[in-house]
Amino acid sequence: MRGVPTKIFFIFLLLASNVFSQEDINILQQNAIKRGLGLFHQDDDFKILGSIEINGENTVLANNVHIGGQAKKATWRLLLFSDDGTLLGIYTGIVFNPIEIKIEGKKIIFPLNPETGNVIDFSEGIPDEIWIDGYKILFLRILKR
C-alpha cells in the first residue's frame, strides 16, 4: 500500500473491520450529548453496533439506553452517525438485544417477527418512518444528509 498515509490506512481498517475502541465510543457519545437536544447523558449505556453504507457514505450505528424519569423507565435508541462522528439522527422505541441484530448489506435485521416488522432498509437512504414489531417508529433527524 505504497503512497497511502499510515493514518488513513489505519482509519480505513478500523471502519472496514467494525472494530471500535473505547475512545471511539467516548467521542460518539460526547457528540450525541452535544448535538442530541438534551436526550443523552454521560451515564447512559452506549454501544457501537457497526457500520453500514447509506447513500454511498459510511454510517456508524450505535445503541443507546437511557434510564430516567421518576418511573426509572428505559428509553432505547438506535443512533446514526456520519463517518466524522456527527450525530445524524435517532430512531427511538426499538427494544432489542444489540448482540442479536444482523447487518446485511444495507439492512439492519432485528430478531423479531417479519410479519410485524423486523428490518430497516437503508438502500434508498434513511427512512423517515419504519415498522418494527408492529410499531411505527419515526426518525428524528438531527442533521440533514
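The numbers here are math on the coordinates, done by the rules we state, and not lab data. Just so we're clear, the structure is a prediction, and the values are computed from it rather than from any experiment. Methodologically, a virtual Cβ is constructed for each residue, glycine included, from the backbone with ideal geometry; neighbour enumeration extends over all protein chains shown.
A few points about this structure:
- Only residues that are within 17 Å of Leu138 (Cα to Cα) and over 16 Å from the mean Cα position of the chain (by Cα) were counted in region 105-117, giving 2.
- Considering (1) closer than 26 Å to Ile25 by Cβ; (2) in a loop (DSSP other than H, G, I, E, B); (3) free of Cβ contacts under 8 Å to residues at least 12 places away in the same chain, the lone condition that Ile94 does not fulfil carries the number (3).
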